[in-house]
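> Can you read through this structure? Questions will come right after.
Every number here is computed from the coordinates shown, using simple stated rules; none is lab data. Because the structure is predicted, anything quoted here is derived from the model rather than measured. Cβ placement follows ideal geometry from the backbone for every residue including glycine, while neighbour counts extend to all protein chains displayed.
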Amino acid sequence: MCPAMIEIEGLSFSYPDGQRALSDISLRVEAGERVALVGPNGAGKSTLLLHLNGILRAADGAIRVAGVALTDRTLGQIRAMVGLVFQNPDDQLFSPRVFEDVAFGPLHMGLPEDEVRARVERALTAVGMSTYADRMSYHLSLGEKKRIALATVLSMNPRVLALDEPSSGLDPRARRSLIRLLQGLDGQTLLIASHDMRLVRELCPRMVILDGGAIVADGPTETLIEDSALLEQHGLERG
Amino acid sequence: MFLKPILAMHIPDGFLSAPVAIVGWLVTAVLVGLALREVRDRLGDRQIPLMGVLAAFVFAAQMINFPVAGGTSGHLIGGTLVAVLLGPWAAVLVMTTVVAVQALLFQDGGLLALGFNVFNMGILAVFVGYAVYVWARRALGAQPQAMLIAAALGAWVSVELAAMATALELAISGTSPLDVALPAMAGIHALIGIGEALITVGALAFVRQTRPDLLGAPSAGVARQSALIAAGLVIALAIAFASPLADSDPDGLERVAEDKAFIDKAEDPVYEVLPDYTVPGIDDEALTTIIAGVIGVLIVAGIGFAVPRLVRLNAPEKVRQQQ
Amino acid sequence: MYRSFERYQPGQSPLHRADPRVKVVVTFALIGGIALTPTHAWPAYPALWTLVAGLAALARFSAWRMARLGAVALPFMLAALPLLITVPGPAWTLGGGIAISQAGLARFVAILLKSWLSVQVALLLTMTTSFADLVWALGSLRVPGTLVALIAFMVRYSTTLGEEAERLLRARAARSAHAEGRPAGGTLFWRARVAGGMVGNLFLRSYERSERVYAAMLARGYAGEMRRLTPPPLSWRAALAGAVPLLWLGIVELAAMLWWQ
């Protein structure tokens, strides 16, 4: 049986103050799949994403990305494979210029300069911002920042793209172009945590419902979204 | 765990003797009082939200580190950075707030020792760093990176001097012999200062590219004040350093009290005014030197206070408003 | 990762309910008194400890717990270690040519005890007094209003900005990857510049946040001064309660200076 892109087994995590955030999470995502993580606030969606690249470490459970187990030693390797885009792009754009922010990942990996330039160019083109390389990240609009934030992660050529609330705060036009962008990423394994059910319907054939730190449903979006009782029970709307 | 006291400059309680700690409080109270006045005049009602939030910024910024080598990391203290961004007087208040909250809430540094902790990290570091910055910036003239180089220099010097002052205060208290404390603090902080300089420069470069409107050139009056105050403080420290109180012998105050013969030669009128005054634990001679030191610093503070008045009489300065 | 701000342990003990102004003044006085204790007045230290233990009991904290917490400043003792060999005077010789100065050891132990006691006193204050009350007490004790306001603002926004710094650090960690067979991490200068950029980013966000805070304050009538309600006068009972530990301190210190040296 070939390894899945993401394998999470029995993951449990509590915050230092004792609050339980994740209970016995098990999830398997195949290469190229597009999965939505939905659930009410506080369900543990962001927490789960932060485990995927080892920013949070669980006491119980195992995580494997493309067959590589997540351990202290493989952190660097895993982070090259899992591209995590945070909810607030201001937290992700910390270089003065767009170019530098997008180049950070490849530079940290020690890639040669011309490779770095090529990757930055490709990443910016992929998000439709190839003319923005010399702009100041700080001055961009929210929609532009979100795309740049995505580019900062794409430049690392990740096997998995994990996005935390990608459409939050975006006006309808920016939202539209973001959805188009994500749709255009052929073959990319996607894990999207979102409240935006319409985005979920458009982008993700599979939906995982998280509530109170546990997975309460995992199945085809088309089916689950028709179950209004289920949705309501877990603080969701059909959208 | 044991590296922490060397890397952090917050002196806990019990390490400074009572007279030294009290001098620290007096000096700091005077200078912070001055700063309160200066800032009120310059910033107007904008001051509290600006400085309060920026004090929180310094606290948060101290969490941002970068790996240096083998598990150690460099991070920021912040005095010079804030001084370049807000001017030295506001920086004094910001750093005072940071150090005070660290002591009050986290026991990072003692309460009695708070006087000198604020002095080292919030006053000395700020004025020396700023004075060096202004001087270096002028000296570098039209160099493209004058501001950044000057800030790096200021940051490094400020950390060094604060460390040296800490060693001095410990020595005078009889806690740490000067010939061990000074090289240790100065040596280690020479490295830490590099980290401070690098992050300061990185932050300023970011701000300069993104919001250059926030970086004003230092006003002549403030520059002059800072130079005077920095010079005065350094001179006061040098005097304390050279005085018998800071003798290489670790006894500090206790040794001086015993060494009457040495001190009698340096008798000065103040000694006669307080002939039989004895404070438990220390002797008259030590008290004399301390009082002289305090008077010296108060004179400097007085100059620092008088100069802006004189400057304003000659050339009325507009109140500098941050937008 | 940033520390939570509340050392405060809510409670209803006599110490919790004591007037915060009295608590602040007594705390400073006690720490000052501890500092004044002559080095060789050995009986003073257990006498002072009984005072600390008594206050801990008043707060319904275990004295042993306070003793443990008081050890937080001990790593700093490294700075005083040289005293053991550098203070002139009679010494005890241990094997191998090492001699420990008696005066130096006395001084070292005195500093250790003073520091340990002082930290416990400070902790008693912060553990029994909410931050709001502490700030109020400082203001009532004539600490300049601006400083008090700055302290209050700083604590208010430190959690928020601390979380932002935390997220910046996570974002950096998320992109700090290793590629096969290559040294990762870039140069020291580059790493420092990135850290600097993060600090600069945080600064701008803080600065702009402060502008929004200012606008909100203006909208609610702020004109430069933080108004405070007049503090109630100090009650006799509160003053008396504060006098007791001070009296005990005075007795101990007097005895220390006159008889115990």
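> By average Cβ neighbour count within 10 Å, what is the ranking of A:38-44, B:80-86, A:173-179 from highest down?
The densest-packed peptide leads the list: B:80-86, A:38-44, A:173-179.
> Compute the distance from the alpha-carbon center of segment A:1-53 to that of segment B:201-222, in whole Å.
For segment A:1-53 versus segment B:201-222, the Cα centre distance is 44 Å.
> Quick check: residue separation of residue C:219 and residue C:143 times 0.36 nm, minus the Cα distance between them. What number comes out in nm?
Full-extension gain reported as 24.7 nm.
> I need the helices of chain C that pass two filters: whole DSSP H segments spanning 20 Å or more by Cα along the axis, and mean Kyte-Doolittle score no lower than -0.5.
C:20-36, C:44-58, C:102-128, C:145-174, C:188-219, C:236-258
> When DSSP assigns beta bridges and you keep just the ones with both residues in the protein assembly as shown, what percent turn out antiparallel, to the nearest 5?
That works out to approximately 60 percent antiparallel.
> Determine, for the protein assembly as shown, the count of lysine pairs separated by eight or more sequence positions (or lying on different chains) whose alpha-carbon distance falls under 26 Å.
So the count of such lysine pairs works out to 4.
> Just subtract the alpha-carbon distance of residue A:71 and residue A:57 from 0.36 nm times their residue separation and send over the number in nm, one decimal.
4.1 nm
> Still on this structure, please answer the following. Expressed as a whole number of Å, what is the distance separating the alpha-carbon centroids of segment C:16-87 and segment B:77-139?
Computed from Cα coordinates, the inter-centre distance equals 28 Å.
> Pairwise over distinct Cα atoms, reciprocal of the mean inverse distance: report the Kirkwood radius of segment B:102-156 in Å, one decimal place.
Here the Kirkwood hydrodynamic radius works out to 12.5 Å.
> Something else: Running a GNM on chain C with Cα contacts under 10 Å, which residue among C:174, C:106, C:63 ends up with the highest mean-square fluctuation?
Top of the fluctuation ranking is C:174.
> While we're on this one: Roughly how many whole Å is it from the C-alpha centroid of segment A:185-239 to that of segment A:74-146?
28 Å
> When the helices in the protein assembly as shown are scored as -39500 (n - 2.57) per DSSP H run of 4 or longer and the sum is shared across all residues, what 222 nm value do you end up with, to the nearest 500 deg cm²/dmol?
-19000 deg cm²/dmol
> What fraction, in whole percent, of alpha-carbon pairs in chain A exceed 34 Å separation?
14 percent
> Let me ask another. Which of the GluC sites (Glu not before Pro) found in segment A:181-239 are in a DSSP loop and have at most 12 neighbouring Cβ atoms, other than their own, within 10 Å?
Passing sites in segment A:181-239 are A:226, A:237.
> Moving to a separate point now. Would you tell me the mean number of C-beta atoms belonging to other protein chains that fall within 10 Å of each C-beta in C:211-219, as a whole number?
If you average over the peptide's residues, the count of other-chain Cβ atoms is 3.
> Counting only Cα atoms, I'd like the Rg/Rh figure for chain C, Kirkwood definition for Rh.
Computed over Cα atoms, the ratio is 1.08.
> How well do other chains shield peptide B:170-182, expressed as the mean number of their Cβ atoms within 10 Å of each residue Cβ?
4
> Something else now. Excluding residue A:8 itself, calculate the net charge of residues whose Cβ lies under 14 Å from the Cβ of residue A:8, where each Lys or Arg counts +1 and each Asp or Glu counts -1.
That works out to -3.
> Right, next: Just to be sure I understand: with springs between alpha-carbon atoms less than 10 Å apart, which residue in C:137, C:216, C:56 has the highest mean-square fluctuation in the Gaussian network model of chain C?
Ranking C:137, C:216, C:56 by mean-square fluctuation puts C:216 first.
> For the protein assembly as shown, what does the equivalent ellipsoid look like in terms of its semi-axes, each the square root of 5 times an eigenvalue of the Cα gyration tensor, given largest first in whole Å?
The answer is 52, 31, 27 Å, longest axis first.
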